[in-house]
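Scroll down for the structure; my scribbles are underneath it.
The values are calculated or read from the model by the stated rules, or taken from the named source; none is laboratory data. None of the values given here were measured: they were computed from a predicted structure. For neighbour counting, all protein chains shown are included, and Cβ atoms are generated from backbone atoms with ideal geometry for every residue, glycine included.
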């Protein structure tokens, strides 16, 4: 079968279906609500959100496929010395589809998770894949983090032994809150422009990319099972609120997907579904000495080898 | 007396003192806590935060004066076609001092307020003033908003009849959450590069700028007095949480002061003191028809004439 945007996008919609179904079982209470939307400049999406479940407090599993005039900022990086504006009549066309997930659980011992797989194509024939999965535990449990990274490494190693170290490093660099000098969580894998920059065999890359998407549900449902019945205190909830604040900071200040969405006049409610139901900030909060919060804070670093 | 950076900065520290004192009286319970900090690259500040008062839940009245190599992004705007990087040895020096205030009250009927007055100087002799006051009520009370804008207009009119319309418009444009297509609140006044762009008489501009700073305390304490004893419900608190979410979005995505702070390696806790103790996001929240929330939502527009 030919590989083209249509069947890649169909596959993505299937992935969205299977993930939603797995998450509904794992939650055991709430169901996803679906909204279909269209984008004035071309394309649209199928947003699915879950709210006030037994496990998941707020989250989304979103599919979108948008196209039209490629936004100026896509060219800025490569065209130093010019204004970066292309002539409207000759403006290059883009097509981008993907599935994006962010889940914020109720229990502070269940981690926040993020997954994204995206396909991008320009009308000059260039096309690439991007994606990744990363974990932001409110409390870092070493065993769970090892499990998480080991599972991602297995997905990578199946396709290319260079992928895990490379994409794990990329996640460490990407999910970094520069102004806080801390990582968003324990990282994971992140890759972009696969094909353009890493390996020119699109078909092989596509197989890897699909495996990343498929790895998400089993990994996260296992982490839910392990932690959903843990008891928690008000102090644990308070710390969760502060960690969610950092999560919101990363997404609003640094996240390229959010930026892309805002700059391409994306559907704002779908883009910002990544934000938690509640978040908090406290002036100069410092965790107590030898507390579990301090232990987590100390592990928010790049370059930790978890496998 | 000569006007120089030293006596402008001393005046700013006095302003910080008098505002903190007025706010402590208005709050009646909590006191500001002070922290002095230094910036590695030059300068420092005096951060004052208030937490869990009778009226004020979280806020800061911060003074800072920083200097050193001017950050690259200051030149980018004017140097199209170059990389914007200056040679380190000949790098221009800057000096910037100011007072910044954000206050988040407990009662949803007391508005959030923001004020900033800033002085900026380059070693080539260029210097300018910037500042403004703007109000973000969780519930817009027309009478209070008229009072607020009328007070700002009086400050402006005393100095230049063109200032209020010009700077009111500027605030409408500046405090706009583009991706939400709504203003952050009811605006106020905003101005920048006063001297450079508007009026070359630095002494006269300085007098106006000082009056803006001095107007803050009486205006806000009046708004506190008017609203602090109003009863509120859980639904009012919920709406407050969502409005605070929008406030956080604006500050993290658009605010130039925040950006400047992050890009000049400013003191992060002082910069982000503007964020509320708690904030919230709900997927696709739409206020009930004919509710006070809907009434407020409908007034989050540019260009309303409040005087």
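Being within 9 Å of another protein chain (Cβ to nearest Cβ) and more than 18 Å from residue A:61 (Cα to Cα) is the filter here; which residues of segment A:260-284 pass it?
Within segment A:260-284, A:262, A:265, A:278, A:279, A:280, A:281, A:282, A:283, A:284 meet the criteria.
For segment B:30-72, enumerate the residues that are surrounded by fewer than 17 Cβ atoms within 10 Å (Cβ to Cβ), assigned to a loop (DSSP other than H, G, I, E, B) and modelled with pLDDT of 95 or more.
B:31, B:52, B:54, listed by residue number.
Taking segment B:121-153 as the search range and keeping residues that are over 23 Å from residue B:105 (Cβ atoms) and in contact (Cβ under 8 Å) with a residue 60 or more places away in the chain, which one is surrounded by the fewest Cβ atoms within 10 Å (Cβ to Cβ)?
Step one: of segment B:121-153, the residues over 23 Å from residue B:105 (Cβ atoms) are B:121-130, B:153.
Among the residues that remain, those that are also in contact (Cβ under 8 Å) with a residue 60 or more places away in the chain are: B:121, B:126-130, B:153.
Numbers: B:121: 18, B:126: 13, B:127: 20, B:128: 20, B:129: 24, B:130: 21, B:153: 19.
Top of the filtered list is B:126.
Residue by residue through segment A:229-276, note down the ones that are modelled with pLDDT of 95 or more, in contact with a strand residue (DSSP E or B) (Cβ under 8 Å, 6 or more places away or on another chain) and surrounded by fewer than 19 Cβ atoms within 10 Å (Cβ to Cβ).
Within segment A:229-276, A:238, A:242 qualify.
Scanning segment B:201-213 for residues that are assigned to a helix (DSSP H, G or I) and loosely packed, with under 14 Cβ neighbours inside 10 Å, which turns out nearest to the chain's Cα centre (by Cα)? Explain how you work it out, then say what you get.
Start the filter on segment B:201-213 by keeping residues that are assigned to a helix (DSSP H, G or I), which leaves B:202-213.
Retained after the next criterion (residues that are loosely packed, with under 14 Cβ neighbours inside 10 Å): B:203, B:207.
On the way: B:203: 23, B:207: 19 Å.
Restricting to residues being assigned to a helix (DSSP H, G or I) and loosely packed, with under 14 Cβ neighbours inside 10 Å, the top hit is B:207.
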